[in-house]
1. Consider A109 carefully, then state whether it is surrounded by 14 or more Cβ atoms within 10 Å (Cβ to Cβ), small (G, A, S) and either in contact with a Pro (Cβ under 8 Å, 6 or more places away or on another chain) or closer than 18 Å to A168 by Cα (or both).
2. How many residues are in a loop (DSSP other than H, G, I, E, B) and in contact (Cβ under 8 Å) with a residue 24 or more places away in the chain if we restrict to segment 51-86?
3. Of the numbered conditions (1) under 16 Å from the mean Cα position of the chain (by Cα); (2) surrounded by fewer than 19 Cβ atoms within 10 Å (Cβ to Cβ), Q99 fails exactly one; give the number of that condition.
4. Quick check on segment 105-126. Is at least one of its residues under 16 Å from D56 (Cβ atoms) and either more than 12 Å from the chain's Cα centre (by Cα) or not hydrophobic (A, V, I, L, M, F, W, C) (or both)?
5. Do we find a residue being part of a loop (DSSP other than H, G, I, E, B) and modelled with pLDDT of 95 or more anywhere in segment 103-116?
6. Determine the pairs where a residue that is within 14 Å of L90 (Cα to Cα), located within segment 9-34, has a partner that is modelled with pLDDT of 70 or more and part of a loop (DSSP other than H, G, I, E, B) with Cβ atoms under 6 Å apart, the partner being 6 or more residues away or on another chain.
7. Of all residues in segment 37-88 being touching a Pro at 6+ places or on another chain (Cβ under 9 Å) and of a type in the set (V, I, T), which is surrounded by the most Cβ atoms within 10 Å (Cβ to Cβ)?
Amino acid sequence: MRISPAQEQDLPKLLAFRREAAAWLSRLGSDQWQRPYPADKLLATIEAGAVFMLRDGHVTAGTITLTPEAEAGLWSEEELSEPSMFVTKLTVAREYAGQNLGGRLLDWAGDRAFRAGARWLRLDAWTTNERLQRYYLAQGFTHVRTVREGNAVNGGPRVSGWLAQRAAARADHGFADHAPPPEQLSHAA
């Protein structure tokens, strides 16, 4: 399998991935990702080079977004002063479930973050999805805290404020990496 940056033409596939994941989560009893994700916002992250596709031949097996930009209101100023990369929208096609592709994508992200000069690989997860939280803990992340206030979108309670991190580190993820080398973080040591 190979990982490479998403292209504009991947937008329909990424939106379909999101709908597939939302349907699966709903069957599990979770309200996560039930609102459609704005296509223009997703396109902007693709154009910024933050979205990556995992492909098995011509089939898309998964996707991950990795960015040095944190969502506003989640991490403290002290935490933001530490060089970090942030994972969002990790999704694996249901037909590839059970093959540890999510774990390997997280390893790839941690490796890429390390090569960019990051100390931490960080994420926020759905506050009510305890199964997802346990998954991230099993992947070596440590729970930092849960932020429930201050949703930047509508001022209401935050739905994705379970914060976790693990050290960015070299990893043997086993993918053919077709992504360009990461840009160095501007505040990295």
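The values are calculated or read from the model by the stated rules, or taken from the named source; none is laboratory data. In this text, all values refer to a predicted model and were calculated from it rather than measured experimentally. In this analysis, Cβ positions are derived from the backbone assuming ideal geometry, glycine residues included, and neighbour counts consider all displayed protein chains.
1. yes
2. 10
3. Just one mismatch for Q99, condition (1).
4. No, every residue in segment 105-126 fails to be under 16 Å from D56 (Cβ atoms) and either more than 12 Å from the chain's Cα centre (by Cα) or not hydrophobic (A, V, I, L, M, F, W, C) (or both).
5. yes
6. That search, which allows pairs on different chains as well, returns Q32/W126; Q32/N129.
7. Residue satisfying both the conditions and the ranking: V51.
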